[in-house]
Amino acid sequence: MMINTMSSKSSHKLVLVFAIYCLLLQEKCTKASVKLLCKDSERRALLEFKHSLQAMNSSGNDALSSWKSEECCLWLGVNCNNLTGYVEMLGFSGQLWVVAGTISPSLLKLHHLTFLYFDRNDFNGSLIPEFFGSLKKLKILDLSNANFRGPIPSQLGNLSMLETLRLGGNGGDVTYRHNFKKMFSVGKLEWLSHLSRLEEVDLSFTNLSYANDWSQVISHLPFLQKLSLRHCDLTSISSSSLSLANSSTSLTHLDLSDNNLPSAIYPWLFNVSSNLVSLNLSSNKLRGPIPEAFGNMMAIQNLHLSDNLLILAENQVRGDSVLNEIGKLPDFMVLDLGYNLLNGSISKSIGQLSNLQVLRLAGNSFDGDVISEAHFSNFTYLQELDLSYTSLTLKFNSGWIPPFQLSQIMLCSCKLGPHFPDWIRTQMDGLTPDLDISALDYLDISASGISDSLPYWFWNPFQRLRYINMSFNQISGTFPNNSIHISHLDLRSNNFSGPLPHFSLDFWDIGTINLSKNKFTGSGAPICNITYKGVLALLDLSNNLFSGVVPDCFESFQSLTALNLGDNSFSGSLPSSLGSLTSLEMLSLRGNKFSGELPSSLQNCTKLKFLDLSDNELSGEIPMWIGQRLSSLVFLSLQRNQFRGMIPHQLCELKYLQILDLSVNKISDTIPPCFNNFTSMAKKVSLDRRIELHLLDEVSSLWFIQLRYVDEALLTWKGTKQSYPQLGLLLAIDLSCNKLTGEIPEELNSLQELVALNLSRNFFTGKILQKIGHLRQLEVLDLSRNKFSGNIPTSLSELTFLSILDLSYNDLSGKIPTSTQLQSFDPSSFSHNRGLCGPPISPNCSMVEPPPGKPAVGGEEDSDEFMKWFYAGMGLGFAVGFWGFCSVVFFKRSWRHSYYRYLDSAKDWVYVSFVLLKARFVRRIKGLSTSCTRSD
């Protein structure tokens, strides 16, 4: 028994030793094989390739630091064939890193390279290397969203093995469509037809306006399954291409959105549509009735026709014909007819689409139509519902429980109120009801006529939504004491009250919080309690009832792009930690009670475009660093504060400035002549003149979100505050109500794009600019209450856009220039200028100057002779009268004493009159100051 036991133990040991030996042998073999995998010639080629690149990871470190070992097949981004050891794939997709620099021709030494991924990087507008056309074994080439520019080299047509070609989205970030510049261009696409093995092509955001052969080329690619030509400026289909179209094409996914395609595309489209699963024709120029032929696409699941000019024909008034045809398709899942010219009613036959997952009818004119639960009775699988901007009335029976579980509800401008819709409560995760977590991810019920208090049940099931928009309603209520977990919250223009809640952004996401135009109270201390995992980009607490000192805790919010605390009652000094907001592009603190000087830390916010500190009690001199460090400023308002000193000439460095408002301060000295350096005011420039902060254009797996935040400007003209929500339409300078002196510098004539100029209520002297007519775009000109003298320049009559003019309370003289424009203004625009005459203040000028070269009536010689005798007689009369008076006073004592008493009383009268006049003048100055402060 003992022997058996020992032998058993020995056998176990032998087995263990053998296993360890095998593992060691395997590791040795593996290491040996790895060494064999890396070809020395390819290793040298990769190192040469690395030398011309920069690859940074999210921490800012070198992502290719591992490219040092001998085993190059284990380097980051490199894959080799396990058997041959040759490099087959280079993968540099910009997800966790960003590659920049120059692509070296050393790649040509990788003779077996099959897969090349450079997508989502930044090659700084460089050309696609022509030598890519010599990588003969490439099957996948992905250069999408990598900031290349064109033209696309035709040498790519030599890649006969290529199966996937992705070049889309170059020239900028595709998600910022309004700012996107197509940097790729193609004359002809004939080279593409040589790539007969292609299965996927993405040329989106490429200029194909001259590639009129695109449809013929596509028809010659027999294996093509996915084609994206989004936003390519496509031309219409030629008649010759129709005959070449292959009806047996393998196309399953086709995206022709955002082009200029007319309805002539239909014949070609329906000829290649037999296998289409997804079709996107959004944002084109399709007109007229929706073709019933869409109902013949038996494989179609996703159909996007939004943002066209489609209508329902007379026989389709209720949509029955089209929807009945589409309703017969067994797998139809996405119907997108948003932003067309559809009107009338939505037929209940839409319920035939029992497999529908996405329904978008937004932006149509279903005015007054009522949607009931009957429309949705068969939508068991519906996940996304978008009826925004349709003015539809959703009227559901009380207690209705929808058959679906929505992830997105978009009902902006629909009529849901006045009560809060109870059916939204049902949109909870049916699979896990005990977790009390909503399946809903996106909720937009803004401007929907709700004038109810927020239900008690709302925050518990829905506090983990990523996006909530309930703005522009009359919803009231307070927030719960617990944390609110959300990424995007927009509750502006409601009646919410109570203290600021504790927000917690648990998602790795870009967050926005907009609580403006409500009745929130208390201090701003809870700002410091906002926690987040991702990026908080927007915080707007403006137009509420907050008060007290703003906490100095902004070091935690370095990702903020926009901060708006305006129109509250905050007081105290500006927090120095505002200088930590190095990503800030918009800062508005207007309409509070902030005092003290501007913290020098603000000069660290070098990305600022919009800075509004108006209507506060800030003091000190205007810092020079505003012009030196904040060079991106487009809007600068320091209106209604206590700033003193001169205008620093460094402000002239703000070449992008469109609005400068320094009015109602105590600024003195002269206007710097360098104002002509304001390039945006001096000439038309190729900038987007709308001051818009596009905080988020995020592409996610669930939806495409585009959030835009635009702050409005408040400018004052003739005592009225006027709001300009689209600031790009206005280029203005307002220096009114200060202590500025001197003449207007001639350099202001260069600001030919200026729309509004207000220099009123200062101490300017000299003449009005004689060439002021060069400011052709001027609509507002206020020079009132200064000391301007001389004539009104005749060039003023050339300002054909002028709608507001005030030259009153100056020392102007002469005849008002004649023009249709000037004579149309109210006489008050010219009042209190004693020397002015002519319409509109008087019918004509009483003093008519003689024509040049002709003597006055009576002749010049007679006039001179008369003036000589006049002065001689006046001198003789003065001498006789003076000595006669003096002799009498000298010889008669009683007369002399009476004269002295008269002089004493006259002196007293002059003194009292002077004191009263001075008091009246001081009161007038105070009145002027009050007028500047309160009404102007």
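The values are calculated or read from the model by the stated rules, or taken from the named source; none is laboratory data. It should be emphasised that the depicted structure is a prediction, and the values quoted were computed from it without experimental measurement. In this analysis, Cβ positions are derived from the backbone assuming ideal geometry, glycine residues included, and neighbour counts consider all displayed protein chains.
If you go through the range 233-260 and pick out every residue that is at pLDDT 90 or above and hydrophobic (A, V, I, L, M, F, W, C), you end up with 3. Against the criterion of being crowded, with 23+ Cβ neighbours inside 10 Å and in the same structural domain as V550 (by the TED database), L654 does not qualify.
Residue-wise test of (1) free of Cβ contacts under 8 Å to residues at least 40 places away in the same chain; (2) in contact with a Leu (Cβ under 8 Å, 6 or more places away or on another chain); (3) assigned by the TED database to the domain that holds S663; (4) surrounded by fewer than 16 Cβ atoms within 10 Å (Cβ to Cβ).
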{"site": "S588", "(1), (2), (3), (4)": "no, yes, yes, no"}
{"site": "S619", "(1), (2), (3), (4)": "yes, no, yes, yes"}
{"site": "M624", "(1), (2), (3), (4)": "yes, no, yes, yes"}
{"site": "L630", "(1), (2), (3), (4)": "yes, yes, yes, no"}
{"site": "V634", "(1), (2), (3), (4)": "no, yes, yes, no"}
{"site": "N641", "(1), (2), (3), (4)": "yes, yes, yes, no"}
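The set of residues in the range 797-849 being among the charged types (D, E, K, R) and in contact with a helix residue (DSSP H, G or I) (Cβ under 6 Å, 6 or more places away or on another chain) consists of E798, D806.
Within the range 638-659, work out how many residues are assigned to a strand (DSSP E or B) and at pLDDT 95 or above.
So the answer is 4.
Condition first: at pLDDT 55 or above, part of a loop (DSSP other than H, G, I, E, B) and among the hydroxyl-bearing types (S, T, Y). Now tell me which residues in the range 169-205 satisfy that. Listed by number, the residues that qualify are S196, S204. Going through the range 729-758 one residue at a time, which ones are in contact (Cβ under 8 Å) with a residue 40 or more places away in the chain, under 16 Å from I647 (Cβ atoms) and either among the hydrophobic types (A, V, I, L, M, F, W, C) or touching a Pro at 6+ places or on another chain (Cβ under 9 Å) (or both)? Of everything in the range 729-758, those that are in contact (Cβ under 8 Å) with a residue 40 or more places away in the chain, under 16 Å from I647 (Cβ atoms) and either among the hydrophobic types (A, V, I, L, M, F, W, C) or touching a Pro at 6+ places or on another chain (Cβ under 9 Å) (or both) turn out to be A732, I733, L735, C737, L740, I744, P745, E747, L748, L751. Here the strands (runs of 3 or more DSSP E) wholly within the range 542-608 that include at least 1 residues being among the charged types (D, E, K, R) are 593-596.
Only one of these is within 34 Å of the chain's Cα centre (by Cα), at pLDDT 90 or above, buried (at least 21 other Cβ atoms within 10 Å of the Cβ) and more than 19 Å from V334 (Cβ to Cβ): L385, L392. Name it.
On the way: L385 fails: more than 19 Å from V334 (Cβ to Cβ).
Residue meeting the stated conditions: L392.
Restricting L754, L730 to those that are in the same structural domain as Q642 (by the TED database), crowded, with 23+ Cβ neighbours inside 10 Å and closer than 22 Å to T679 by Cα reduces the list to L754.
Annotation: I445 fulfils all but one of (1) touching a Pro at 6+ places or on another chain (Cβ under 7 Å); (2) farther than 20 Å from N564 by Cα; (3) among the β-branched types (V, I, T); the unmet one is (1). Pairs meeting the criteria (first residue in the range 417-445 and farther than 22 Å from Y381 by Cβ, second residue at pLDDT below 85, beta carbons under 6 Å, at least 6 apart or on different chains) are D436/P461.
Each row is one residue, and each column tells you yes or no for (1) of a type in the set (G, A, S); (2) in contact with a Gly (Cβ under 6 Å, 6 or more places away or on another chain); (3) within 17 Å of F678 (Cβ to Cβ).
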position: E743; (1), (2), (3): no, yes, no
position: E747; (1), (2), (3): no, no, yes
position: N758; (1), (2), (3): no, no, yes
position: H774; (1), (2), (3): no, no, yes
position: Q777; (1), (2), (3): no, no, yes
position: I792; (1), (2), (3): no, no, no
position: S795; (1), (2), (3): yes, yes, no
position: L807; (1), (2), (3): no, no, no
position: L812; (1), (2), (3): no, no, no
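If the condition is being without any contact (Cβ under 8 Å) to a residue 40 or more places away in the chain and touching a strand residue (DSSP E or B) at 6+ places or on another chain (Cβ under 6 Å), then the range 115-137 contributes F115, L116, Y117, N121, D122, F123, I128. Just so you know, in the range 272-314 the residues that are modelled with pLDDT under 90 and in contact with a helix residue (DSSP H, G or I) (Cβ under 7 Å, 6 or more places away or on another chain) include one that is nearest to L229 (Cα to Cα), and it is F294.
Checked across the range 770-793, the condition of being more than 23 Å from L660 (Cβ to Cβ), part of a helix (DSSP H, G or I) and not assigned by the TED database to the domain that holds K666 holds for no residue.
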